[in-house]
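This report concerns only the one structure given below.
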Amino acid sequence: MYGFAAYGIWGLFPLFWPLLEPAGADEILAHRMVWTMAVMGILLLALRRWSWIRPLLRQPKRLALIVVASATISANWGLYIWAVNSGHVVEAALGYFINPLVSIAFGVLLLRERLRRAQWIAVGVGAGAVAVLTVGYGELPWIALCLAFSFATYGLAKKRVGLDGMESLAAETVVQFLPALGFLFFLGSRGGSTFTTEGTGHVLLLISCGAVTALPLVCFGGAAVRLPLSTIGLLQYLTPLAQFVLGVTVFHEAMPPERWAGFSLVWLALALLTWDALHNAHRSRLALREAAAAAALAAGTAPLPPVPTPEPATGAEPSRH
């Protein structure tokens, strides 16, 4: 239920961001940063989870990675909000379908990871899908690619930082807070802010950006500690799938045959990745069971330790042999 809640909320995001109009994507993004910082601060105080702050401040390399993570997720959030409010929900969904393939490519190129055959085939099929979609769109699907690469970069930075989800998001929003707040004051001074001009409902919706951002992350944290990684990997496809369905059925975005062909190739690549992950996990479990059985058998058939020779009754020293 935690997993369905997290990925379900993320999947319904295309219905939320249009509610914040007439605010532009930049203003929505700034409010999201400010109010997410407020929500994370309240959560950390309520849970008394602040012991990680001092050690982090003594590690400049990790602080730099947090700045990188903050910058990339800011770009990702801003582009996604703009894409949804500009009628590109389907292409935004494509970005999160492609993201696992980009993450695999990063693992090979940057972390020197080795791929299994099915993973190589999936990456190749994904590259072919991008080529087909480029023909279908008449240009590179740059929104999808930017979303996929920014989120993969964000994931790579978070992996290097090594903080839990809640602490990591709190640190990132600290970096975002002052620039976002400064931008909102600047926007208000020029008369471009909608925060106080569109009524109480609009104000409450902008404030709710913090809870809307934090709630699925809290649910994800609850799912991550209770579910196998393979299950989490399957659940992650619920988000772009829901976004894709909303784009086609609610926002009535066009899906000519060449786009269906491109999406079908992406789904084929993801099916290959899923099969490979489940197959590899099954093999690993079998290997662990066999190793455990072999260890138990060896323990049960091991020769008994030699019985010590009793000392002679005469009081003479026992043999050293």
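The values are calculated or read from the model by the stated rules, or taken from the named source; none is laboratory data. The model shown is predicted, which means the values in this text are computed figures rather than measured ones. Here the Cβ is made from the backbone with ideal geometry for all residues, glycine too, and neighbour counts use every protein chain on show. For accessibility, only protein heavy atoms count, side chains too; no ligands or nucleic acids. Shrake-Rupley method; radii C 1.70, N 1.55, O 1.52, S 1.80 Å.
Here is a yes/no grid of residues against (1) open to solvent by 50 Å² or more (accessible area, probe 1.4 Å); (2) basic (Lys, Arg); (3) more than 30 Å from ALA131 (Cα to Cα); (4) at pLDDT below 90:
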{"position": "LEU229", "(1), (2), (3), (4)": "yes, no, yes, yes"}
{"position": "GLN236", "(1), (2), (3), (4)": "yes, no, no, yes"}
{"position": "HIS252", "(1), (2), (3), (4)": "yes, no, no, no"}
{"position": "HIS279", "(1), (2), (3), (4)": "yes, no, no, yes"}
{"position": "HIS282", "(1), (2), (3), (4)": "yes, no, yes, yes"}
{"position": "ARG285", "(1), (2), (3), (4)": "yes, yes, yes, yes"}
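Is it true that ILE42 is under 15 Å from PHE177 (Cβ atoms) and over 20 Å from the mean Cα position of the chain (by Cα)? The answer is yes for ILE42.
When we screen ARG48, ARG58, ARG32 for residues that are within 21 Å of the chain's Cα centre (by Cα) and charged (D, E, K, R), the only hit is ARG32.
For the structure I just gave you, tell me whether VAL102 is open to solvent by less than 30 Å² (accessible area, probe 1.4 Å) and either part of a helix (DSSP H, G or I) or at positive phi (or both). The answer is yes for VAL102. What number of residues in the stretch 54-75 are in contact (Cβ under 8 Å) with a residue 60 or more places away in the chain, open to solvent by 50 Å² or more (accessible area, probe 1.4 Å) and either within 13 Å of GLU167 (Cα to Cα) or among the charged types (D, E, K, R) (or both)? Number of matching residues: 1. The conditions of being without any contact (Cβ under 8 Å) to a residue 24 or more places away in the chain and under 18 Å from LEU178 (Cα atoms) are not met by ILE28. Residue check, TRP50 against (1) under 28 Å from LEU12 (Cβ atoms); (2) modelled with pLDDT under 95, all met but one. Which one? The number of the failed condition is (1). Just to be sure, is SER86 open to solvent by less than 70 Å² (accessible area, probe 1.4 Å), touching an Asp or Glu at 6+ places or on another chain (Cβ under 9 Å) and among the hydroxyl-bearing types (Ser, Thr, Tyr)? Considered against the rule, which asks whether it is open to solvent by less than 70 Å² (accessible area, probe 1.4 Å), touching an Asp or Glu at 6+ places or on another chain (Cβ under 9 Å) and among the hydroxyl-bearing types (Ser, Thr, Tyr), SER86 comes out as no. Comparison of ALA46, ALA38 shows that the only residue that is open to solvent by 20 Å² or more (accessible area, probe 1.4 Å), free of Cβ contacts under 8 Å to residues at least 40 places away in the same chain and hydrophobic (A, V, I, L, M, F, W, C) is ALA46.
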